[in-house]
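Peer 1: Submitted below is the structure of interest, expressed as structure tokens.
The values are calculated or read from the model by the stated rules, or taken from the named source; none is laboratory data. This structure is a prediction, so every number in the text was calculated from the model and none was measured. With ideal geometry, Cβ positions are generated from the backbone for all residues, glycine too; neighbour counts draw on all protein chains shown.
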Amino acid sequence: MERTFLLLVAFIFSSGQCQDTDPSSDPDASLAVCKPDIRDSGVYSAQILELQRLIQEQAQLNQEQAQQLKALQESRSAAVGFTAALGHSLGPVPIDIKVKYQEIISNMGKGYNPATGIFTAPVSGMYYFSYTMYNDVAPTPKAFMSLMKNGQRIVSTWDTKGDDSNDSATNAAVLQLKAGDQVYTILYETHQIYDDGANYNTFSGFLLFPL
């Protein structure tokens, strides 16, 4: 902007020639009369074109800076991420149920609701989710869970056979969500998971980038 202003000032002060006038021959005439010099019209045109170019460049720069600021503000307002833990054993359950992870470790954006176990996407975008299932059921483990999106099964973990009863399994997925889409986990009928406050069973998710 400073360069544009200086060019504008230079153009204004160079846009004419000042010719001295003898007051004795013309008492009413001013001492200096500025008249445009036709010979310099090409120079003036070049200055005008340069001014127009610089003004356009500055306007474009201002627009780009405004867009960058808007994108930064949107990215900050769209910061979303959570981790929640079960904190207690669950099951065997008589029906398929949503797992309510009520031990909140983090919940930026308040997308996860511990009362329902459901994460609701506050903004459209690409999200990453993971959950860990742990069981400690002797003599036979019996755990079966899935990550769900709007009622659709996405990925699952399963452990109902084995020589040991202490098993842990984790699964994850990257999902494209619209604002308002819901993601949660399900523990299936007759199955169970174990926790004793050490937070073996967790559910996490975060926004990779908005769309």
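Peer 1: Against the condition in contact with a Lys or Arg (Cβ under 7 Å, 6 or more places away or on another chain) and modelled with pLDDT of 85 or more, how does Leu54 come out, does it pass?
Peer 2: Yes, satisfied.
Peer 1: Kindly evaluate Asn201 against the criterion of being touching a residue at least 24 places away in the same chain (Cβ under 8 Å), surrounded by fewer than 20 Cβ atoms within 10 Å (Cβ to Cβ) and either outside the structural domain of Phe119 (by TED's automatic domain parsing) or under 21 Å from Val137 (Cα atoms) (or both). Step through it out loud before you land on a result.
Peer 2: Numbers: touching a residue at least 24 places away in the same chain (Cβ under 8 Å): yes; surrounded by fewer than 20 Cβ atoms within 10 Å (Cβ to Cβ): no; either outside the structural domain of Phe119 (by TED's automatic domain parsing) or under 21 Å from Val137 (Cα atoms) (or both): yes.
No, not satisfied.
Peer 1: Of all residues in segment 118-155, count the ones that are surrounded by 16 or more Cβ atoms within 10 Å (Cβ to Cβ) and more than 27 Å from Met108 (Cβ to Cβ).
Peer 2: 7
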